[in-house]
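Just so you know, all these numbers are worked out from the coordinates, no wet-lab data involved. As the structure is a computational prediction, the values presented were derived from the model and not from experiment. Glycine also receives a Cβ, built like all others from the backbone with ideal geometry; neighbour counts cover every protein chain displayed.
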Amino acid sequence: MTHDVHIIGGGLAGSEAAWQLARRGYRVRLSEMRGGGGATPAHQTDGLAELVCSNSFRSDDDEKNAVGLLHHEMRRLDSLVMRAGEVARVPAGSAMAVDRDVFSNAVQSALEQDPNVTIVRETVDALPEAGLAIVATGPLTAASLAQDVARATGADSLAFFDAIAPIVHRDSIDMTVCWMQSRWNKGDGKDYINCPMDKEQYLAFVQGLLDGEKGAFKEWEENTPYFDGCMPIEVMAERGVETLRFGPMKPVGLDDPRTGRWPYAVVQLRQDNKLGTLWNMVGFQTKLKHAEQVRLFRTIPGLEKAEFARLGGLHRNTFINSPLLLDRQLRLKSAPHIRFAGQITGCEGYVESAAVGLMTGLMAAAELAGCAWTPPPRTSAMGALLAHITGDAEAESYQPMNVNFGLFPPLPDVKKKQRKEAYTQRAKADFGAWLAASAPISSCDTAQALP
Ligand SMILES: Cc1cc2nc3c(=O)[nH]c(=O)nc-3n(C[C@H](O)[C@H](O)[C@H](O)COP(=O)(O)OP(=O)(O)OC[C@H]3O[C@@H](n4cnc5c(N)ncnc54)[C@H](O)[C@@H]3O)c2cc1C
């Protein structure tokens with residue numbers, strides 16, 4: 001074999017994984033279908049690490065922002081994506097934005113110049129049967145490979161659309177208005193947070209859904225079928241004024257402790273992560289524009305001050321049910337020679353995809369060196385994201401997720417206003433200690449000089 005690791009997909013995640021392995025002396029075959037006859041509906045060039053939409057890596061503030069913190073941690077690990085981002089940087093205030101062509105060229109030339117990386121322009125149609133592999137084929141994975149992933153993981157574990165319901169930070173929900181109860185007191189009786197609505201509030205809310213400004217499907221998304229279970233809430237509202245009251249806003253079996261009766265309608269939130277810090281609005285996937293979602297959802301009783309960890313959406317997006325299928329090192333439990341990286345794991349965003357790619361590179365390098373790999377601490381941005389993907393997220397309702405402070409172990413004793421700084425300070429201290437102690441990154445590191 002001419003390589004130690006076969007990486008499939010030369011996007012953000014695959015390029016970063018290749019870099020991390022190569023600079024530790026491991027040989028990588030990087031298969032990228034663009035430039036070899038393959039294409040996706042969103043990519044415009046054959047360049048590696050092409051940014052398909054915005055040119056922003058979002059906030060670069062590592063003192064108050066979770067994605068800024070992720071930048072910081074990736075820089076500490078000599079990320080190629082952050083390095084190329086610096087080369088390509090354009091002014092964008094406290095955000096990090098890049099010239100997309102300069103960025104992609106910088107990533108590609110760093111990998112082309114690395115003797116340990118062989119870039120092969122080819123479409124891979126099936127998961128490799130042997131040898132270490134990293135699948136980083138992204139949200140628009142070629143159909144042939146997606147079919148093979150479905151075969152290996154079970155068709156129900158692979159999604160072609162994300163149907164994202166908004167996710168709310170638990171500590172922003174007004175529990176003097178809402179209450180905890182499962183319908184008919186099933187389960188342990190308190191699995192859901194319920195927001196009650198009277199008739200007037202419900203009718204106004206339905207009207208708000210009908211009137212709200214919506215985003216459109218892209219032409220190539222229209223042809224990809226999505227299941228009825230993913231139907232946007234505003235489409236349900238269009239089917240009749242009562243549809244939601246018989247669907248996700250059904251009040252039956254839920255006794256409002258303030259009245260002792262079922263409300264006219266209810267919005268339910270279900271726990272979204274093991275920490276209990278994030279709660280998703282059940283059945284509220286939506287194509288409403290983000291500003292419209294914030295405005296309308298804050299009219300729901302108890303959510304007037306809701307802080308959203310993420311807003312709803314519906315997009316073409318190929319991803320696997322990672323909490324169910326992958327172990328803590330992103331290996332497919334049923335075929336542990338294969339790791340998944342990037343957006344196909346259910347992380348969301350350029351930076352998150354690259355960060356997960358970076359970690360798979362480190363994990364594979366440690367495995368090749370015979371080292372045990374200690375994951376970054378859960379209190380760090382990388383550790384929190386990894387823990388979420390690999391088991392802390394609820395598998396049943398798993399949907400793609402950006403990095404955010406709701407994934408971090410909570411700091412209930414710190415005042416709300418100071419919490420963001422407290423999260424980043426704790427993260428930096430713990431991440432620094434992990435770096436200093438981490439064998440796979442230091443003693444197994446045979447780093448070459450960077451170009
Ligand atoms: C339309 C769209 C817009 C987006 N906009 C944004 C945005 O503005 N900001 C943001 O942060 N995130 C955005 N995302 C989400 C996501 O962060 C990016 O898609 C990101 O590029 C994911 O990185 P990745 O490495 O996982 O996948 P990609 O960057 O897509 O890389 C995957 C690579 O694998 C290749 N490939 C696929 N199948 C095969 C195969 N079988 N064999 C060989 N190669 C293959 C592809 O050609 C591609 O180069 C968007 C996603 C989509 C679909």
Open item on the list: Please report, in whole Å³, the volume per residue of the convex hull around the C-alpha atoms of the chain.
Closed with: 144
TODO: Return one number: the angle in degrees, 0 to 90 and rounded to the nearest 10, between the long axis of the Cα atoms of helix 350-369 and the longest principal axis of the Cα atoms of the chain.
DONE: 50
Task: Asp327 versus Val102: modelled label distance in nm, points set 7 Å from Cα along the beta carbon direction - done: 4.3
TODO: Report the extension gain between Arg89 and Glu213 in nm, rounded to one decimal, defined as 0.36 nm multiplied by the number of residues separating them, less their alpha carbon distance.
DONE: 41.4 nm
TODO: Determine ³J(HN,Hα), in whole Hz, for all residues of region 74-84 in sequence, where each value follows from phi through the Karplus function 6.51 cos²θ - 1.76 cosθ + 1.60 and θ = phi - 60°; x replaces Gly and Pro.
DONE: 5, 4, 5, 9, 6, 4, 5, 4, 6, 4, 5
Open item on the list: Whole-Hz ³J(HN,Hα) for each residue in region 164-172, computed from phi via Karplus 6.51 cos²θ - 1.76 cosθ + 1.60 with θ = phi - 60°, x for glycine and proline: what do you get?
Closed with: 8, 8, x, 10, 10, 5, 4, 6, 9
TODO: Give Lys190/Lys214; Lys289/Lys417; Lys289/Lys420; Lys287/Lys420; Lys305/Lys428 a once-over and call out the pairs whose C-alpha atoms are over 31 Å from each other.
DONE: Lys190/Lys214
Task: Hits among lysines - C-alpha to C-alpha of Lys186 under 27 Å, sequence gap 8 or more where chains match - done: Lys199, Lys250, Lys274
Open item on the list: Explain nothing, just compute: Karplus ³J(HN,Hα) = 6.51 cos²θ - 1.76 cosθ + 1.60, θ = phi - 60°, for every residue of region 13-29 in order, whole Hz, x for Gly and Pro.
Closed with: 6, x, 5, 5, 4, 4, 4, 5, 6, 4, 6, 9, x, 9, 8, 10, 9
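Counting Lys and Arg as +1 and Asp and Glu as -1, what is the net charge of the other residues whose Cβ lies under 14 Å from the Cβ of Asp4? Intermediate results must be reported in sequence, preceding the final value.
Working: positive: Arg23, Arg24, Arg27, Arg29, Arg339; negative: Asp114, Glu367.
Surrounding charge for Asp4 is +3.
By per-residue mean of other Cβ atoms within 10 Å, what is the highest-first order of 388-396, 122-130? Numbers along the way, then the final one.
Values: 388-396: 18.2, 122-130: 14.9.
With the highest mean Cβ count within 10 Å placed first, the list reads 388-396, 122-130.
Charges at C-beta only: +1 for Lys and Arg, -1 for Asp and Glu. How large is the resulting dipole of the chain about its Cα centre, in Debye rounded to 20?
Working: 47 positive and 54 negative charges, 191 e Å.
Charge dipole of the chain: 920 debye, to the nearest 20.
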Task: Theoretical ellipticity at 222 nm over the chain - DSSP helices of four or more residues, -39500 (n - 2.57) apiece, nearest 500 - done: -9000 deg cm²/dmol
- [ ] With everything on Cα atoms, drop me the angle between helix 199-211 and the longest principal axis of the chain, reported from 0 to 90° to the nearest 10.
- [x] 40
Open item on the list: Can you give the local net charge around Lys333? Use residues other than it whose beta-carbon is closer than 15 angstrom to its beta-carbon, Lys and Arg +1, Asp and Glu -1.
Closed with: +2
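Rounded to the nearest 0.05, what FRET efficiency do Gln113 and Lys186 give with R0 = 56 Å and r taken as the Cβ-Cβ distance? Could you check? List each step's numbers first, then the result.
Working: r = 60 Å, r/R0 = 1.07.
Step by step, r from the Cβ atoms, then E = 0.40.
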Task: Global size of region 68-177 as Cα Rg and Dmax, reported in angstrom - done: 19.7, 62
Open item on the list: Can you give me the distance in nm between label points at Val294 and Glu129, each placed 7 Å from the Cα along the Cα-to-Cβ direction?
Closed with: 5.3
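State to the nearest 20 debye the size of the charge dipole of region 76-186 about its Cα centre, where the only charges are +1 on K and R beta carbons and -1 on D and E beta carbons. Intermediate results must be reported in sequence, preceding the final value.
On the way: 9 positive and 14 negative charges, 95 e Å.
Value, rounded to 20: 460 debye.
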Open item on the list: I'd like the distance separating the alpha-carbon centroids of region 129-195 and region 333-362, in whole Å.
Closed with: 16
Open item on the list: Quick query: amide H of Ile134 versus all other amide H atoms, modeled in the peptide plane; which residues come in under 5 Å with a sequence gap of 5 or more or a different chain?
Closed with: His6, Ile7, Ile8, Arg339
TODO: Based on the mean of other Cβ atoms within 10 Å per residue, sort peptides 105-118, 87-100 so the most packed one is first.
DONE: 105-118, 87-100
Open item on the list: At a threshold of 8 angstrom on Cα-Cα distance, excluding pairs fewer than six apart, so keeping six or more, what relative contact order does region 110-217 reach in percent?
Closed with: 13
TODO: Report the calculated FRET efficiency for Thr2 and Asp430 (r = Cβ-Cβ distance, R0 = 56 Å), to the nearest 0.05.
DONE: 0.90
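I'd like the FRET efficiency for Phe246 and Lys64, computed as 1/(1 + (r/R0)^6) with the beta carbon distance as r and R0 of 41 Å, rounded to 0.05.
0.45
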